[in-house]
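As structure tokens, the structure follows; a few thoughts come after it.
The values are calculated or read from the model by the stated rules, or taken from the named source; none is laboratory data. The shown structure was predicted, so the numbers you read here are calculated from the model rather than taken from an experiment. In this analysis, Cβ positions are derived from the backbone assuming ideal geometry, glycine residues included, and neighbour counts consider all displayed protein chains. Each accessible area value is taken on the protein alone, full model and side chains, heavy atoms only, with ligands, DNA and RNA left out. Shrake-Rupley method; radii C 1.70, N 1.55, O 1.52, S 1.80 Å.
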Amino acid sequence: MSAAASGKRLELVRGLGPWASAAIVVGTMIGTGIFLKPAEMAREGRFVSVVFAAWIVGAILSMFGALSFAELGAAIPEAGGEYAYLRRGFGPKWGFLFGWMHSIVGRPSSMASIAAGVARFLSFLIPAVAAPLFTLHFPAFAGMKPYDFIFTWAQPVAVLWLIIMTAVNYLGVRLGGAVQVVLTIVKIVSVLAVIGVAFFSAGGSAHPADPIWPAALNGGIVTAFLAALAAALWAYDGWEDLNLVGSEVAEPQKNFPRALLGGVSLVAVIYLLFSAACLRVLPFDAVANSSHIASDVVEHIAGHGAAYWMTLAMVISAIGSLNSSVLSGARVPYAMARDGLFFKIADGIHPKFLTPARALIFQSVLAGLMALSGTFEELTNLFIFAAWIFYGMAVVALFRLRKTEPLMPRPYRCWGYPWVPGIFIAGALALTLNILIDRPGRSVIGLLLIAAGLPFYKHWQRRLSLG
């Protein structure tokens, strides 16, 4: 007798094994970031040593975060990740605030940005994708500069990819996990191909000397480093996504630490080698001004034809990142709606495919609207500030749970406790304070977006209390 027929509530299936779990970590981290952020890091860092320092410190912070999240994920293997940890550690209101920001702004805008990256890479292969269809002019208003909104084929193409990847994950977590393994292998091979072409060709030695070391360590260099670090952490972002599908990871006590530690370590090595490869082939200034750094490296060595195929690999890489983002993101609104703290439309498990089908559709609709509006990149930048607040708070919850629930089964305990999670919290605090000081307007908007969920929380909480 089926669960639906027997009246039992359908639950998510633990269908993600070690390879699919690791593929979610690696697949989300290696996406558009590695192809877009090296140029920004070079522009912001201004020196090779600053850029590599940012990559290394970003890897350490990500690794320390992964170690901390491995304990949380193994001890509380529930859908929703930080939503479950904050709710358990600080109460339902804090879990709700994370889930609200993630579900309404964070994950849909992230998905829209990745889908836009797919369209951007496709425009290199098919220039018509970037052709404008119409333009809307918005005059200056209330101190804001005039703005031209240009609608191209890229926006509907991005929506099409969102629909395709949502459909893949709608049909089953095992299918989504299997697709993620294949796409992750393709993207790793493509990035390693760039590294191999750069290091084993004869075209990477004849360019002017790069600016290696700054003349002095001063406030300007520290600011440059923090800006480069923020860009690096965006490229590393995704190590926490496995925790969002915690209730679907098989043998979580083993697969969480293996997937997180192994995935972050692999990505860190790949990023360092990729940056070194780019700087071997192109001058530092050329890297800083590049829009498609991988294509430019390959074109410099092997010509436009090879760059064409590399851009196609970049498309596949972005699709892989989008797939894992869709797979993991819908679990948060599902978990909240299941608890009666979100819109009912996001609740429910598909009786045949055992996936959070309605949450997937809800998430896809929001992401599609953002992709069509063209404002998704700004929304993603706003969420960077909020995301690291909650990353840090989740690890603070680890400390709190060690005290309030010392007998909780912990199949994996964070290595280096309390120093490793403590350093991560300090890093998250430093990053968010720096963003708040550097970009106060965007940061305040981010805080307001988080606070906007409180009236909804009170409404849903009151409804729950009334039965």
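Structure data summary
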| quantity | calculated |
| --- | --- |
| Qualifying residue in segment 307-330 (condition: open to solvent by less than 50 Å² (accessible area, probe 1.4 Å), at pLDDT 80 or above and more than 24 Å from Thr28 (Cβ to Cβ)) | yes |
| Residue within segment 288-297 that is at pLDDT 85 or above, surrounded by 17 or more Cβ atoms within 10 Å (Cβ to Cβ) and of a type in the set (A, V, I, L, M, F, W, C) present | yes |
| Residue among Phe149, Phe124, Phe69, Phe64 that alone is modelled with pLDDT under 85, farther than 24 Å from Phe362 by Cβ, in a helix (DSSP H, G or I) and among the aromatic types (Phe, Trp, Tyr) | Phe124 |
| Which listed residue is under 24 Å from Ser109 (Cα atoms), modelled with pLDDT of 85 or more and of a type outside the set (Ser, Thr, Tyr), from Leu229, Leu279 | Leu229 |
| Failed criterion for Ala367 (all others in (1) touching a Leu at 6+ places or on another chain (Cβ under 6 Å); (2) at pLDDT below 85; (3) of a type in the set (A, V, I, L, M); (4) open to solvent by less than 10 Å² (accessible area, probe 1.4 Å) hold) | (2) |
| Unmet criterion (only one of (1) open to solvent by 10 Å² or more (accessible area, probe 1.4 Å); (2) at positive phi; (3) in contact with a helix residue (DSSP H, G or I) (Cβ under 9 Å, 6 or more places away or on another chain); (4) of a type outside the set (Val, Ile, Thr)) for Gly81 | (1) |
| Criterion (open to solvent by 50 Å² or more (accessible area, probe 1.4 Å), assigned to a loop (DSSP other than H, G, I, E, B) and modelled with pLDDT of 75 or more) met by exactly one of Ala209, Ala215 | Ala215 |
| Contacts under 8 angstrom Cβ, first residue in segment 82-104 being of a type in the set (Val, Ile, Thr), partner surrounded by fewer than 24 Cβ atoms within 10 Å (Cβ to Cβ) and part of a helix (DSSP H, G or I), 6 or more apart | Ile104/Leu366; Ile104/Leu449; Ile104/Gly453 |
| Residue tally, condition within 20 Å of the chain's Cα centre (by Cα), open to solvent by 30 Å² or more (accessible area, probe 1.4 Å) and of a type outside the set (A, V, I, L, M, F, W, C), over segment 436-463 | 1 |
| Qualifying residue in segment 345-356 (condition: surrounded by 20 or more Cβ atoms within 10 Å (Cβ to Cβ), modelled with pLDDT of 85 or more and under 19 Å from the mean Cα position of the chain (by Cα)) | no |
| Matching residues, segment 84-95, being among the hydrophobic types (A, V, I, L, M, F, W, C) and surrounded by fewer than 24 Cβ atoms within 10 Å (Cβ to Cβ) | Phe90, Trp94 |
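For (1) of a type outside the set (A, V, I, L, M, F, W, C); (2) part of a helix (DSSP H, G or I); (3) open to solvent by 50 Å² or more (accessible area, probe 1.4 Å), each residue gets a yes or a no:
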| site | (1), (2), (3) |
| --- | --- |
| Ala394 | no, yes, no |
| Arg400 | yes, yes, yes |
| Pro406 | yes, no, yes |
| Arg413 | yes, no, yes |
| Gly416 | yes, no, no |
| Gly422 | yes, yes, no |
| Leu431 | no, yes, no |
| Asn434 | yes, yes, no |
